[in-house]
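I have a structure here, written as structure tokens, and I will follow up with some questions on it.
The values are calculated or read from the model by the stated rules, or taken from the named source; none is laboratory data. In this text the structure is predicted, and so the values were computed from the model without any measurement. Cβ placement follows ideal geometry from the backbone for every residue including glycine, while neighbour counts extend to all protein chains displayed.
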Amino acid sequence: MMYLEAPPRLIETQIFSAMPAEFRRSVRSEWADANRPGAPTDSFIEGPSFDASGNLYIVDIPFGRIFRISPDGKWTLVVEYDGWPNGLKIDANGRILVADYMHGLMECDARAGKMRPILTARNSESFKGCNDLHLAGNGDIYFTDQGQTGLHDPTGRVFRLRTSGQLDCLINNGISPNGLVLDPSESVLFIAMTRDNAVWRAPFMTDGSVSKVGRFCSLFGPSGPDGMTMDAKGRLFVGHASLGHVFVFAPNGELIARIKSCAGGACTNVAIGRVKRDKLYITESVTGTVLVADIGALDG
């Protein structure tokens, strides 16, 4: 007798808010020329993160913009500057940190509408192109240095900037390192390797280094896994930049759900929101749309 596992649960999305027409720009950009050659790109949103008041902050990479979206879906331009903000996270104290592809790690002063650099180089060498970041409970910043790396050039890096100022290179052979997240115990780091179409699992040793790094899961498609988050139960939510889904994996690597985009196929990043932590917000970058899904259903 053959036993078949139940298929992964399908969760639908709806539109939370889309970028208003007044903010869309139908002009050529250097970033789009390199990363979306030939494709019209009036915006490319990423990096969702909530502040303590429930406002959702996102970035618009090609035009160097950071927006704040209120709980009722209204958009406000926080800052526009000469840069390519890619990842964004807000810490427990309300500090807005940005992984900027052009400049490295930066901080956004939302009240003043200004950006200031935190870390622009390592040992006097510029970064390849910082992509995303994750904040540990103790304040350490984990971030990826992706650039144009891939299977042809597996030199992408993953760094940890300690609160002491010490910078550790944890991985230097990444195949396009992108989103990253710690598990609830903060003893394992998960990294989306976009052009490997996989998520790597990196356990920490007692000295803080990583060892026995392996592929936690493998995916498919012309692009790959992008931004990620994890809930308190250790379930990993992986946005896929070309398949129009967020894939949900159990702690043992089993695919337990897929969250389907109701807009375009570029589900680039994710953030868990609301008081009960039962809603997943997804940036669909090509259409400039923020989607929302009910992930409380996973416990039903």
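Kindly indicate whether VAL213 is at pLDDT 95 or above and farther than 15 Å from ILE15 by Cα.
It is true that VAL213 is at pLDDT 95 or above and farther than 15 Å from ILE15 by Cα.
Hey, can you tell me all the residues within region 250-283 that are in contact with a Cys (Cβ under 6 Å, 6 or more places away or on another chain) and either of a type in the set (Phe, Trp, Tyr) or within 30 Å of ARG36 (Cα to Cα) (or both)?
SER261, ILE282
Can you find even one residue in region 70-93 that is outside any strand (DSSP E or B), buried (at least 22 other Cβ atoms within 10 Å of the Cβ) and in contact with a Phe, Trp or Tyr (Cβ under 6 Å, 6 or more places away or on another chain)?
Yes, region 70-93 contains a residue that is outside any strand (DSSP E or B), buried (at least 22 other Cβ atoms within 10 Å of the Cβ) and in contact with a Phe, Trp or Tyr (Cβ under 6 Å, 6 or more places away or on another chain).
If only one of SER49, SER17 is in contact with a Leu (Cβ under 6 Å, 6 or more places away or on another chain) and either touching a residue at least 12 places away in the same chain (Cβ under 8 Å) or in a loop (DSSP other than H, G, I, E, B) (or both), which one is it?
Within the list SER49, SER17, the selection yields SER49.
Looking only at region 207-253, count every residue that is among the acidic types (Asp, Glu) and touching a residue at least 12 places away in the same chain (Cβ under 8 Å) and tell me the total.
2
Check off (1) under 15 Å from the mean Cα position of the chain (by Cα); (2) among the hydrophobic types (A, V, I, L, M, F, W, C); (3) within 21 Å of ILE171 (Cβ to Cβ) for VAL210 and give me the number that stays unchecked.
It fails just one condition, (1).
So is GLY179 farther than 21 Å from ALA241 by Cα, touching a strand residue (DSSP E or B) at 6+ places or on another chain (Cβ under 8 Å), among the small types (Gly, Ala, Ser) and in contact (Cβ under 8 Å) with a residue 12 or more places away in the chain or not?
no
With the requirement that a residue be of a type in the set (Ser, Thr, Tyr), part of a loop (DSSP other than H, G, I, E, B) and under 19 Å from ILE256 (Cα atoms), what does region 202-243 give you?
Those that are of a type in the set (Ser, Thr, Tyr), part of a loop (DSSP other than H, G, I, E, B) and under 19 Å from ILE256 (Cα atoms): none in region 202-243.
Next up: Right, ASP168: acidic (Asp, Glu), out of contact with any Asp or Glu (no Cβ under 6 Å at 6 or more places or on another chain), in a strand (DSSP E or B) and crowded, with 23+ Cβ neighbours inside 10 Å or not?
In short, no.
When the residues of region 264-296 are filtered to those that are touching a strand residue (DSSP E or B) at 6+ places or on another chain (Cβ under 6 Å), of a type in the set (Gly, Ala, Ser) and farther than 15 Å from SER43 by Cα, which remaining residue is modelled with the lowest pLDDT?
GLY273
Those residues that are of a type in the set (Lys, Arg) and within 20 Å of ASN131 (Cα to Cα), I need them from region 172-214; list them, please.
The answer is ARG195, ARG201.
Let me ask another. Given the structure, is VAL158 farther than 24 Å from ASP33 by Cα, over 19 Å from the mean Cα position of the chain (by Cα) and either β-branched (Val, Ile, Thr) or modelled with pLDDT under 95 (or both)?
So VAL158 does not fit the description; no.
Still on this structure: Restricting region 275-290 to residues that are closer than 15 Å to PHE23 by Cα and of a type outside the set (A, V, I, L, M, F, W, C), which is farthest from the chain's Cα centre (by Cα)?
THR287
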